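Following: one structure in structure tokens, then a few remarks.
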Amino acid sequence: MSEGVIGGMSNRHRHYILFMVTLVYVVNYLDRQILAILLPLIKAEFGVSDSALGLLAGPAFAVIYATLGIPLAFVADRVNRRNIIAGSMALFSLMTVVCNFATSFMHLLLARFGTGIGEAGTGPSINSIIADLYPPKQRATALSIYSAGLNIGLLLAFFGGGWIAQNYGWRAAFLVSGLPGLVLVVLFLLTVEEPKRGHSDGLADETDAPGLLTTAKFLWSRRSFRFIALGTSLSSFGGYAAIAFVPSFLARSHGMSPAQIGFLLAVTTGVFGFIGTAFSGVIADRVGRVDLGRTMLVPVFATLIGAPFAPVFYLSPSLAWTIVALCIPSLLGAAYLGPAYAATQGLVPLRMRATAAAILLFVLNMIGLGLGPQTVGILSDLLHPRLGSDSLRWALLSTLITGLAGGFCYWQASRTLHKEMMSVART
């Protein structure tokens, strides 16, 4: 992405906006996933089951987050997206701070509902803005850089959250993680402007935004989108379950402390994951220069390369081999996000983009976040009478099946993606 001007906006300025929305995603994921490193301490204080922890980590957040994302995106296709992002960030940061004051499991559950309400407004609007800043052949790179913000958020959540929780308690970790977002809201409003819709594609924004049902029908008519939505849902099923329960697995099966777990996951999921997520988009844009459908082959190969390491990670009795086996899946685990987001933005007209992203996120989060942690928690409880503390490792390993199924869906999407994207570009 060389220095220049696209659509009246300098590359430097659009890169700055990309940097700022990536920071929004960092604090978004920090506030969303700080819970994972704190679950063992919450379980110990409130005496709840793995099923209850799965409810807290999954449906309590996912149902609100995914459902409200659609109406907020519907509004974002019609009004200033920057303001929606800022308002949403202020709410989810404030509700994370509120978790600090929870005196019962139910109070914490209600606060997480509030966090989900706030975070629902950021993703679709940001996807739409990035699509207006970068043309199709650079879009997967830009969206992967943005997506890598989740890895930085996880790094901060695991490392900082683990250290704070061990030394000051889990409530203090919620308090500290919520404050950066409140500061970022002010900076975001003062320095980020709303980009002109469609200028990266050279398209005029002359049509009104269609209704939600029209957008949903349009997307569903695209075979590649159906497979992308299903594939990302299946991939995130295991991903969200791992984020929620791997800290508990490491504590139970390997006797690691919160600070040790936080450091390990900060390095693997944070550093390795950032590299893999960011560069997946660079690779996707390069392989998709001639045929855009090839961009979806990147998550296919990422799935196939990472899959053999999962049994070693979850089943090895050796902590050393467990750590080694974690590195490659951490590197490749979110490689599907940038290509999937970019493909979705390219499959719809301008005024459908935020809503299209919200629909993708709705399916992804209802299945992945809504069912992944909850299913693994229930399965762990069911296996516990027979397997004891090893029940969680086997419950987590079962998600390998959904991960491989997700890879198959990306391959199916790659077969028709180029043709369907070109049909939209000509309209």
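The values are calculated or read from the model by the stated rules, or taken from the named source; none is laboratory data. Quick caveat: nothing in here was measured; it's all calculated off a predicted structure. Cβ coordinates were reconstructed from backbone atoms using ideal geometry, including for glycine residues, and neighbour counts include every protein chain displayed.
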Worksheet item: Any residue at all in region 393-407 that is touching a residue at least 24 places away in the same chain (Cβ under 8 Å), surrounded by fewer than 19 Cβ atoms within 10 Å (Cβ to Cβ) and closer than 30 Å to THR215 by Cβ?
Response: yes
Practice prompt. Could you pull out the residue among LEU156, LEU184, LEU179 that is surrounded by fewer than 18 Cβ atoms within 10 Å (Cβ to Cβ), in a helix (DSSP H, G or I), in contact (Cβ under 8 Å) with a residue 24 or more places away in the chain and touching a Ser or Thr at 6+ places or on another chain (Cβ under 9 Å)?
Written response: LEU179
Discussion item. Just to verify a result, which residue in region 350-392, among those that are surrounded by fewer than 23 Cβ atoms within 10 Å (Cβ to Cβ) and among the charged types (D, E, K, R), is farthest from the chain's Cα centre (by Cα)?
Written reply: ARG386
Worksheet item: Just checking, how many residues over region 338-360 are under 20 Å from PHE61 (Cα atoms) and at pLDDT 90 or above?
Response: 2
Response to the item:
Per the filter on region 22-75, residues β-branched (Val, Ile, Thr), free of Cβ contacts under 8 Å to residues at least 60 places away in the same chain and under 30 Å from THR215 (Cβ atoms) are ILE64, VAL75
Practice prompt. Could you tell me whether region 341-349 includes any residue that is surrounded by fewer than 24 Cβ atoms within 10 Å (Cβ to Cβ), in contact with a Pro (Cβ under 9 Å, 6 or more places away or on another chain), in contact (Cβ under 8 Å) with a residue 40 or more places away in the chain and assigned to a loop (DSSP other than H, G, I, E, B)?
Written response: yes
Worksheet item: If you scan region 217-241, which residues turn out to be in contact with a helix residue (DSSP H, G or I) (Cβ under 6 Å, 6 or more places away or on another chain) and either more than 18 Å from MET422 (Cβ to Cβ) or at pLDDT below 90 (or both)?
Response: ALA229, LEU230, GLY231, THR232, SER233, LEU234, SER235, SER236, PHE237, GLY238, TYR240, ALA241
Item to complete: State the number of residues belonging to region 257-305 that are outside any helix (DSSP H, G or I) and crowded, with 22+ Cβ neighbours inside 10 Å.
Response: 1
Fill in: Hits in region 396-427 (condition: among the aliphatic types (A, V, I, L, M) and either under 30 Å from ASP381 (Cα atoms) or within 19 Å of the chain's Cα centre (by Cα) (or both))
LEU396, LEU397, LEU400, ILE401, LEU404, ALA405
Worksheet item: Residues in region 99-118: is at least one crowded, with 22+ Cβ neighbours inside 10 Å, in contact (Cβ under 8 Å) with a residue 60 or more places away in the chain and among the small types (Gly, Ala, Ser)?
Response: no
